[in-house]
Amino acid sequence: EDTFLRMSEVINQEIPDARVVALSGPCHAEELAFGIPSAYVAASVDGSAAEFVQDVLISPTFRVYTNPDIVGVELGGAIKNVIALCAGISDGLGFGDNTKAALMTRGIMEMSRLGEAMGARPETFAGLSGIGDLIVTCTSTHSRNRRAGILIGMGKSMKEAVSEIKMVVEGITTTNAAYKLAKKLNISAPIIEEAYKVLFEGKDPRQAVDELMTRDKK
(Lines give C-alpha, C1' and ligand atoms only; values in the text may rest on other atoms or scores of the structure.)
Protein backbone atom coordinates (compact mmCIF):
# COMPACT_ATOMS: atom_id res chain seq x y z
CA GLU A 1 0.00 0.00 0.00
CA ASP A 2 2.87 2.38 0.72
CA THR A 3 5.33 1.14 -1.94
CA PHE A 4 2.96 1.80 -4.89
CA LEU A 5 4.14 -1.48 -6.40
CA ARG A 6 1.72 -3.26 -8.67
CA MET A 7 1.04 -6.93 -7.96
CA SER A 8 3.13 -8.10 -10.91
CA GLU A 9 6.07 -6.10 -9.52
CA VAL A 10 5.66 -7.74 -6.11
CA ILE A 11 5.65 -11.18 -7.74
CA ASN A 12 8.75 -10.37 -9.79
CA GLN A 13 10.57 -9.23 -6.66
CA GLU A 14 9.89 -12.56 -5.00
CA ILE A 15 10.21 -14.74 -8.11
CA PRO A 16 12.53 -12.85 -10.49
CA ASP A 17 12.15 -15.31 -13.38
CA ALA A 18 8.35 -15.52 -13.21
CA ARG A 19 6.39 -14.97 -16.41
CA VAL A 20 3.58 -12.83 -14.99
CA VAL A 21 0.23 -12.31 -16.69
CA ALA A 22 -2.33 -9.87 -15.28
CA LEU A 23 -6.01 -10.61 -15.84
CA SER A 24 -8.60 -7.87 -15.71
CA GLY A 25 -11.84 -6.76 -17.30
CA PRO A 26 -15.59 -6.29 -16.85
CA CYS A 27 -16.37 -9.73 -15.54
CA HIS A 28 -18.21 -10.71 -12.36
CA ALA A 29 -17.64 -14.35 -11.44
CA GLU A 30 -21.30 -14.59 -10.40
CA GLU A 31 -22.31 -14.16 -14.05
CA LEU A 32 -19.43 -16.00 -15.69
CA ALA A 33 -20.26 -19.12 -13.65
CA PHE A 34 -23.68 -19.22 -15.35
CA GLY A 35 -22.20 -19.01 -18.83
CA ILE A 36 -23.16 -15.39 -19.43
CA PRO A 37 -20.97 -14.06 -22.31
CA SER A 38 -18.04 -12.08 -20.87
CA ALA A 39 -14.70 -10.66 -22.03
CA TYR A 40 -11.35 -10.21 -20.33
CA VAL A 41 -7.77 -9.08 -20.96
CA ALA A 42 -4.58 -11.08 -20.38
CA ALA A 43 -1.69 -8.62 -20.14
CA SER A 44 2.02 -9.34 -20.02
CA VAL A 45 5.35 -8.03 -21.25
CA ASP A 46 5.84 -11.62 -22.40
CA GLY A 47 3.52 -12.03 -25.38
CA SER A 48 3.77 -15.83 -25.42
CA ALA A 49 2.75 -16.00 -21.75
CA ALA A 50 -0.30 -13.81 -22.41
CA GLU A 51 -1.24 -15.98 -25.40
CA PHE A 52 -0.84 -19.14 -23.31
CA VAL A 53 -3.28 -17.81 -20.71
CA GLN A 54 -5.60 -16.70 -23.50
CA ASP A 55 -5.59 -20.21 -24.99
CA VAL A 56 -6.25 -21.84 -21.60
CA LEU A 57 -9.18 -19.60 -20.65
CA ILE A 58 -10.95 -18.68 -23.89
CA SER A 59 -14.31 -20.37 -24.50
CA PRO A 60 -17.60 -19.75 -26.30
CA THR A 61 -18.79 -17.71 -23.30
CA PHE A 62 -15.46 -16.15 -22.24
CA ARG A 63 -13.54 -14.12 -24.81
CA VAL A 64 -9.97 -13.26 -23.81
CA TYR A 65 -7.85 -10.58 -25.49
CA THR A 66 -4.11 -10.03 -25.04
CA ASN A 67 -2.40 -6.72 -24.28
CA PRO A 68 1.32 -5.95 -23.75
CA ASP A 69 0.46 -3.02 -21.42
CA ILE A 70 0.48 -4.78 -18.06
CA VAL A 71 0.92 -1.44 -16.27
CA GLY A 72 -2.30 -0.03 -17.70
CA VAL A 73 -4.29 -3.23 -17.22
CA GLU A 74 -3.25 -3.55 -13.57
CA LEU A 75 -3.92 0.12 -12.83
CA GLY A 76 -7.30 0.02 -14.54
CA GLY A 77 -8.29 -3.00 -12.47
CA ALA A 78 -7.29 -1.20 -9.29
CA ILE A 79 -8.32 2.44 -9.76
CA LYS A 80 -11.80 1.60 -11.07
CA ASN A 81 -12.64 0.38 -7.56
CA VAL A 82 -12.07 3.88 -6.21
CA ILE A 83 -14.46 5.35 -8.78
CA ALA A 84 -16.97 2.56 -8.07
CA LEU A 85 -16.95 3.49 -4.39
CA CYS A 86 -17.73 7.05 -5.43
CA ALA A 87 -20.49 5.84 -7.76
CA GLY A 88 -22.02 3.99 -4.82
CA ILE A 89 -21.78 7.08 -2.63
CA SER A 90 -23.58 8.99 -5.39
CA ASP A 91 -26.35 6.38 -5.40
CA GLY A 92 -26.54 6.45 -1.61
CA LEU A 93 -26.96 10.22 -1.70
CA GLY A 94 -29.90 9.80 -4.07
CA PHE A 95 -28.27 11.28 -7.15
CA GLY A 96 -29.11 10.04 -10.63
CA ASP A 97 -27.74 8.81 -13.94
CA ASN A 98 -26.38 12.24 -14.89
CA THR A 99 -24.17 12.26 -11.82
CA LYS A 100 -22.88 8.74 -12.33
CA ALA A 101 -22.12 9.31 -16.02
CA ALA A 102 -20.14 12.44 -15.19
CA LEU A 103 -18.34 10.68 -12.36
CA MET A 104 -17.36 7.72 -14.52
CA THR A 105 -16.19 9.91 -17.40
CA ARG A 106 -14.06 12.15 -15.22
CA GLY A 107 -12.90 9.11 -13.28
CA ILE A 108 -11.47 7.50 -16.40
CA MET A 109 -9.56 10.73 -17.01
CA GLU A 110 -7.93 10.53 -13.58
CA MET A 111 -7.13 6.85 -14.16
CA SER A 112 -5.52 7.72 -17.50
CA ARG A 113 -3.45 10.57 -16.04
CA LEU A 114 -2.07 8.34 -13.32
CA GLY A 115 -1.46 5.53 -15.78
CA GLU A 116 0.42 7.63 -18.31
CA ALA A 117 2.61 9.05 -15.54
CA MET A 118 3.53 5.45 -14.64
CA GLY A 119 4.27 4.41 -18.20
CA ALA A 120 0.92 2.95 -19.29
CA ARG A 121 -0.55 3.42 -22.74
CA PRO A 122 -3.51 5.85 -22.76
CA GLU A 123 -5.49 3.65 -25.17
CA THR A 124 -5.52 0.82 -22.61
CA PHE A 125 -7.95 2.83 -20.48
CA ALA A 126 -10.41 2.99 -23.37
CA GLY A 127 -10.53 -0.82 -23.40
CA LEU A 128 -11.97 -3.65 -21.34
CA SER A 129 -9.70 -3.20 -18.32
CA GLY A 130 -10.33 0.57 -18.26
CA ILE A 131 -13.73 1.92 -19.23
CA GLY A 132 -15.18 -1.60 -19.55
CA ASP A 133 -14.34 -2.61 -15.99
CA LEU A 134 -15.30 0.85 -14.75
CA ILE A 135 -18.79 0.58 -16.26
CA VAL A 136 -19.57 -2.81 -14.75
CA THR A 137 -18.13 -1.99 -11.31
CA CYS A 138 -19.93 1.34 -11.06
CA THR A 139 -23.33 -0.03 -12.09
CA SER A 140 -23.59 -3.67 -11.01
CA THR A 141 -25.38 -5.04 -7.96
CA HIS A 142 -22.51 -7.57 -7.73
CA SER A 143 -19.98 -4.80 -7.04
CA ARG A 144 -18.76 -4.82 -3.42
CA ASN A 145 -17.19 -1.40 -3.86
CA ARG A 146 -20.39 0.16 -5.17
CA ARG A 147 -22.43 -1.46 -2.38
CA ALA A 148 -20.04 -0.13 0.25
CA GLY A 149 -20.25 3.31 -1.31
CA ILE A 150 -24.05 3.22 -1.18
CA LEU A 151 -23.91 2.58 2.57
CA ILE A 152 -21.41 5.42 3.07
CA GLY A 153 -23.61 7.74 1.02
CA MET A 154 -26.53 6.80 3.28
CA GLY A 155 -24.58 7.92 6.33
CA LYS A 156 -22.64 4.89 7.55
CA SER A 157 -18.96 5.12 8.41
CA MET A 158 -16.33 3.32 6.36
CA LYS A 159 -15.92 0.66 9.06
CA GLU A 160 -19.69 0.16 9.35
CA ALA A 161 -19.98 -0.24 5.58
CA VAL A 162 -17.18 -2.82 5.39
CA SER A 163 -18.67 -4.72 8.33
CA GLU A 164 -22.06 -4.87 6.59
CA ILE A 165 -20.62 -5.99 3.24
CA LYS A 166 -18.71 -8.83 4.98
CA MET A 167 -16.28 -9.05 2.06
CA VAL A 168 -13.07 -7.31 1.05
CA VAL A 169 -13.75 -3.81 -0.30
CA GLU A 170 -10.45 -3.36 -2.10
CA GLY A 171 -11.27 0.15 -3.30
CA ILE A 172 -10.75 1.50 0.23
CA THR A 173 -7.10 0.45 0.38
CA THR A 174 -6.64 1.53 -3.23
CA THR A 175 -8.05 4.98 -2.49
CA ASN A 176 -5.36 5.49 0.13
CA ALA A 177 -2.59 4.37 -2.24
CA ALA A 178 -3.97 6.22 -5.28
CA TYR A 179 -4.33 9.49 -3.38
CA LYS A 180 -0.75 9.33 -2.13
CA LEU A 181 0.52 8.26 -5.55
CA ALA A 182 -1.24 11.17 -7.27
CA LYS A 183 0.35 13.55 -4.77
CA LYS A 184 3.78 12.01 -5.32
CA LEU A 185 3.48 12.30 -9.11
CA ASN A 186 1.81 15.73 -8.94
CA ILE A 187 -1.23 14.45 -10.86
CA SER A 188 -4.57 16.26 -10.69
CA ALA A 189 -7.06 13.70 -9.33
CA PRO A 190 -9.87 15.60 -7.57
CA ILE A 191 -12.29 12.65 -7.42
CA ILE A 192 -9.68 10.40 -5.85
CA GLU A 193 -8.74 13.20 -3.46
CA GLU A 194 -12.32 13.76 -2.30
CA ALA A 195 -12.82 10.00 -1.95
CA TYR A 196 -9.78 9.89 0.32
CA LYS A 197 -11.12 12.72 2.47
CA VAL A 198 -14.52 11.04 2.81
CA LEU A 199 -13.05 7.65 3.70
CA PHE A 200 -10.08 8.60 5.85
CA GLU A 201 -10.82 12.09 7.14
CA GLY A 202 -14.55 11.79 7.79
CA LYS A 203 -15.57 14.44 5.29
CA ASP A 204 -19.30 14.72 4.57
CA PRO A 205 -19.93 13.19 1.12
CA ARG A 206 -22.31 16.02 0.18
CA GLN A 207 -19.61 18.56 0.93
CA ALA A 208 -17.21 16.57 -1.24
CA VAL A 209 -19.70 16.68 -4.12
CA ASP A 210 -20.23 20.43 -3.67
CA GLU A 211 -16.48 21.04 -3.83
CA LEU A 212 -16.08 18.90 -6.93
CA MET A 213 -18.89 20.78 -8.66
CA THR A 214 -17.67 24.26 -7.73
CA ARG A 215 -13.96 23.87 -8.49
CA ASP A 216 -12.29 26.35 -10.82
CA LYS A 217 -13.59 26.16 -14.38
CA LYS A 218 -11.76 23.87 -16.78
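In whole percent, and with a 1.4 Å probe on the protein chains, what portion of the accessible area of the range 149-218 is carbon and sulfur?
Here it works out to 52 percent.
Using per-residue counts of other Cβ atoms within 10 Å, averaged over each peptide, order 12-25, 31-44 from highest down.
Packing order, densest peptide first, comes out as 31-44, 12-25.
Under the √(5λ) rule applied to the eigenvalues of the Cα gyration tensor, what semi-axes describe the equivalent ellipsoid of the chain? Give them in Å, descending.
Rounded to whole Å, the semi-axes are 29, 20, 16.
Under a crude label model (7 Å from the Cα following the beta-carbon direction), how far is residue 63 from residue 97 in nanometres?
In this crude spin-label approximation the distance works out to 2.5 nm.
Of the peptides 146-153, 211-218, how do they stack up when ordered by the mean number of other Cβ atoms within 10 Å, highest first?
Descending packing order for the listed peptides: 146-153, 211-218.
Keeping the other protein chains in place, figure out the carbon and sulfur percent of the accessible area of the range 67-135, with a 1.4 Å probe.
Carbon with sulfur: 58 percent of the solvent-accessible area.
Give, in nm to one decimal, the length gained when the segment between residue 154 and residue 218 is fully stretched (0.36 nm per residue of separation minus the Cα-Cα distance).
That pair, residue 154 and residue 218, stretches by 20.0 nm at full extension.
Need the full-extension length gain, residue 13 to residue 126, defined as separation in residues times 0.36 nm minus the C-alpha distance. One decimal, nm.
37.7 nm
Over the Cα atoms of the range 9-97, each weighted equally, I'd like the Debye log10 I(q)/I(0) at q = 0.11, 0.13, 0.19 Å⁻¹, rounded to two decimals.
Those come out to -0.41, -0.55, -0.93, one per q.
May I ask you to give the solvent-accessible area per residue for the range 60-149, in square angstrom, as obtained with a 1.4 angstrom probe?
Per-residue accessible area for the range 60-149 comes out at 38 Å².
Explain nothing, just the number: dipole magnitude of the chain about its Cα centre with +1 on each Lys and Arg Cβ and -1 on each Asp and Glu Cβ, in debye rounded to the nearest 20.
Value, rounded to 20: 620 debye.
Starting from the Cα of residue 51, step 7 Å along the direction of its Cβ; do the same at residue 204; then give the gap between the two resulting points in nm.
Output for this residue pair reads 5.9 nm.
For a bin width of 10 Å, list the pair-distance distribution of the range 106-218 built from all Cα-Cα distances, rounded to whole %.
Over the range 106-218, the share of Cα pairs per 10 Å bin runs 13, 41, 38, 8, 0 percent.
Rounded to two decimals, what ratio of Rg to Rh does the range 55-134 give with C-alpha atoms and a Kirkwood Rh?
Taking Rg over the Kirkwood Rh, I get 1.05.
What is the antiparallel percent of DSSP beta bridges lying wholly in the range 17-139, to the nearest 5?
Once the DSSP bridges in the range 17-139 are tallied, antiparallel ones form about 40 percent.
From the helices alone, meaning DSSP H stretches of at least four residues, give me the mean residue ellipticity at 222 nm for the chain, per-run term -39500 (n - 2.57), in deg cm²/dmol to the nearest 500.
-18000 deg cm²/dmol
Sort 95-105, 63-73, 80-90 by packing, meaning the average of other beta carbons within 10 Å per residue, with the highest value first.
80-90, 63-73, 95-105
The values are calculated or read from the model by the stated rules, or taken from the named source; none is laboratory data. This structure is a prediction, so every number in the text was calculated from the model and none was measured. Virtual Cβ from ideal backbone geometry, glycine too; neighbours counted across all protein chains shown. Just so you know, the surface numbers come from the protein's heavy atoms only, side chains and all, with ligands and any DNA or RNA stripped out. Shrake-Rupley method; radii C 1.70, N 1.55, O 1.52, S 1.80 Å.
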